[in-house]
Amino acid sequence: MNAEFIRALDDLEREKGIQKEALLEAIEAALISAYRRNFGSAQNVRVAINRDSGEIRVYALKTVVEQPTDLRLEASLAEAREIDPTKDVGDMVEVEVTPRDFGRIAAQNAKQVVVQRIREAERGIVIDEYQGREGDIVTGVINRAEQRNLIVELGRAEAVLPAAEQIPGEPYRVGDRIKAYVLEVKRGLRGPEIVLSRTHPGLLRRLIEFEVPEVHDGLVEIRAVAREPGVRSKVAVYGRDPRVDPLGAVIGPKGSRVNTVISELRGEKVDVIPWDPDPAVFVGNALAPAQVEGVELSPDGKSARVTVPAHMLSLAIGREGLNARLAAKLTGVRIDIQAAEEARA
């Protein structure tokens, strides 16, 4: 190694934030192992790298004796006093034992250490960047499939979209660009592990926030979201500014805003309903598009008996109970729906 190598470490410190001193200490530790491995030495050695010139020296710690019997561990008194005139028998002295061809070994080990530290630093940067984005949306390109999981390229990082977080029936092809919700970011054995989701309610919430300025600015608030991924969703919105129509803001002119969200979800229908502080009114709103005649809440507010006109019964329940199920998810209330005529009988 030489002064040019030291300058390269200076550049690394500036560009990637990897401390030069920490790198040099790591290289010195690696060179101690390399020395013992290549020269079969049991000596207690120290490797020193000159911080300016890059020159490498290896020193062995030896005991000062009158007549050495093991030159690996002992030094004569005369040899010790050449190094330090104050040394005496029984003292310890550092003797330079740098092998002639140690420079080649040192270069190989230094390169391995630097490459490893760069990888670690880059992994740390990715972790820091994406941990702050849990609960956010990222855009990536599907790179490959591993079993039923999809590997998504995010630029400097790869993420996994597990089979359980994929929208049922949604086609995924290598090269497709998709938006996904960042579910989890953690450190793995081989670097950062980023888990994505296309089914999480947070994906729909975030898509609306990006598409609707009134939501982004806080004039309209999303109070609740319920999804049957790939089929249908319900979103309850509330206007914090009386001058803004929350439903109109989210739906947009001729449905343009909500249609953009539906397109991103590959056709998943999105019902936008008004949130209401009165739980009974909110339950009635949640069953839209069905018209509700009455809502009777239980004393604990955890269940409700809803009456609808007979011709609205199937619409209120929905195909395979979907509408009622989503309304229950949205409101947190167990809903029992009856035709008004049956309730009066």
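The values are calculated or read from the model by the stated rules, or taken from the named source; none is laboratory data. Model, not experiment: these values are computed from the prediction. Cβ placement follows ideal geometry from the backbone for every residue including glycine, while neighbour counts extend to all protein chains displayed.
Does any residue of region 106-117 turn out to be without any contact (Cβ under 8 Å) to a residue 40 or more places away in the chain, β-branched (Val, Ile, Thr) and within 30 Å of residue 2 (Cα to Cα)? Scanning region 106-117, I find at least one residue that is without any contact (Cβ under 8 Å) to a residue 40 or more places away in the chain, β-branched (Val, Ile, Thr) and within 30 Å of residue 2 (Cα to Cα), so the answer is yes. Checking each residue of region 202-214 against the condition of being of a type in the set (A, V, I, L, M), in a loop (DSSP other than H, G, I, E, B) and on the phi < 0 side of the Ramachandran plot gives at least one match.
When you go through 181, 130 one by one, which is the residue that is among the hydroxyl-bearing types (Ser, Thr, Tyr), in a strand (DSSP E or B) and surrounded by 18 or more Cβ atoms within 10 Å (Cβ to Cβ)?
181
On the stretch given as region 126-151, residues that are farther than 16 Å from residue 186 by Cβ and in contact with an Asp or Glu (Cβ under 7 Å, 6 or more places away or on another chain) total 5. Examine region 258-280 for a residue that is of a type in the set (Asp, Glu), outside the structural domain of residue 337 (by TED's automatic domain parsing), touching a residue at least 60 places away in the same chain (Cβ under 8 Å) and more than 21 Å from residue 319 (Cβ to Cβ), and state whether such a residue exists. Checked against the condition, which is being of a type in the set (Asp, Glu), outside the structural domain of residue 337 (by TED's automatic domain parsing), touching a residue at least 60 places away in the same chain (Cβ under 8 Å) and more than 21 Å from residue 319 (Cβ to Cβ), region 258-280 yields at least one hit. Within the set 83, 27, the sole residue that is closer than 17 Å to residue 112 by Cα and surrounded by 14 or more Cβ atoms within 10 Å (Cβ to Cβ) turns out to be 27. I'd like to verify a number: residues in region 1-52 that are on the phi > 0 side of the Ramachandran plot and of a type in the set (Val, Ile, Thr), how many? Of the residues in region 1-52, 0 are on the phi > 0 side of the Ramachandran plot and of a type in the set (Val, Ile, Thr).
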